[in-house]
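The numbers here are math on the coordinates, done by the rules we state, and not lab data. Keep in mind that this is a model prediction, so the values were computed, not measured. Ideal geometry is used to build each Cβ from the backbone, glycine not excepted, and the neighbour counts take in all protein chains shown.
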Amino acid sequence: MLPYEDPANANAAKNRSHHDRLVVWTRGLVENYDSFSAEQKDYALARQIFCAQMYLSGLFRVQCFMQATDQEDYYRCRTDGTCIGIDLKRAVTRGLKSTIGFIPESDGFDSTQIVLGEIAGQTLLRNENQSEYVKGLHVSGRYDIARESSATMDTVLRLQEGWTRDVVNYVAFAAQEHGGQLAYVPFLEPKSISDDPKVYHPFDVAV
């Protein structure tokens, strides 16, 4: 594995690109949100959710690689929901409680307490932690492969929970912007950002 700083290290270059892009998008979201049109707001929020989901996907891929005994086991882990390394229900519950203070019992909720700048600040901090984690993989990650427990795996699982909470934060904020209705929460189509994904609403196909 090439050193992180090596210009030929494609993984490092990709990590820097993801990191820098999210910084620009997050700061731009906060600075320009009030001047955005409704469509621009939805797209910018969907993009934040997209980035958190992208990091989650990559972290889960690393988890499966680290834990797998062979290629077949890796593919099994990638497609088997029982391999998820974190308690998603707990992560979502903690995210909702920390963001809006309670768990909604229906499709709508009445809350105006979510502050965009605060959740964006958490995204920027997590983005830095994500970048440091990738750098760490180039130093010690190779020695933690196939180990039942390791510092690398602890970081992977901690970041998975963190990015899950980021998704929850933006979903809750987007719902708040639409009168508490989850049906109007915007997501980007699950494809590469370079393919220009469009906004869609997975919580209500009728929207």
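Within 10 Å of each residue's Cβ, count the other Cβ atoms and sort Arg126, Arg78 from fewest upward.
Exposure proxy ranking, most exposed first: Arg78, Arg126.
Can you run phi through the Karplus equation (6.51, -1.76, 1.60; θ = phi - 60°) for segment 82-92 and list ³J(HN,Hα) in whole Hz, with x for Gly and Pro?
Result, ordered by residue: 6, 7, 4, x, 10, 7, 5, 4, 5, 4, 5 Hz.
In the chain, what cysteines have no partner Cβ closer than 4.7 Å?
Cys51
Rounded to the nearest 20 Debye, what is the dipole magnitude of the chain about its Cα centre when Lys and Arg each give +1 and Asp and Glu each give -1 at the C-beta?
Working: 21 positive and 28 negative charges, 69 e Å.
So the magnitude is around 340 debye.
Kindly rank 189-200, 8-19 from highest to lowest mean number of other beta carbons found within 10 Å of each residue.
Per-residue Cβ counts within 10 Å, averaged per peptide and sorted highest first, yield 8-19, 189-200.
If you line up the long axis of helix 116-137 against the longest principal axis of the chain, both from Cα atoms, how many degrees apart are they, to the nearest 10?
Approximately 10 degrees, to the nearest 10.
What percent do you get for the relative contact order of segment 10-200 when only Cα pairs under 8 Å and 6+ apart count?
35
Quick one: angle between helix 151-177 and the longest Cα principal axis of the chain, in degrees between 0 and 90, rounded to 10, please.
Orientation of helix 151-177: about 10 degrees from the principal axis.
Per 10 Å bin, what percent of the C-alpha pairs of the chain does each bin hold, from zero upward?
8, 31, 35, 19, 6, 0
Under 20 Å Cα-Cα from Lys89, which lysines qualify once same-chain neighbours fewer than 8 residues away are excluded?
Qualifying lysines at Cα under 20 Å: Lys97.
Using a 10 Å cut-off around each Cβ, can you sort Phe36, Phe50 from fewest to most neighbouring Cβ atoms?
Numbers: Phe36 15, Phe50 22.
In increasing order of surrounding Cβ atoms, one gets Phe36, Phe50.
What pairs from Lys135/Lys198; Lys14/Lys135; Lys41/Lys198 go past 22 Å between their alpha carbons?
From the list (Lys135/Lys198; Lys14/Lys135; Lys41/Lys198), the Cα-Cα distance tops 22 Å for Lys135/Lys198.
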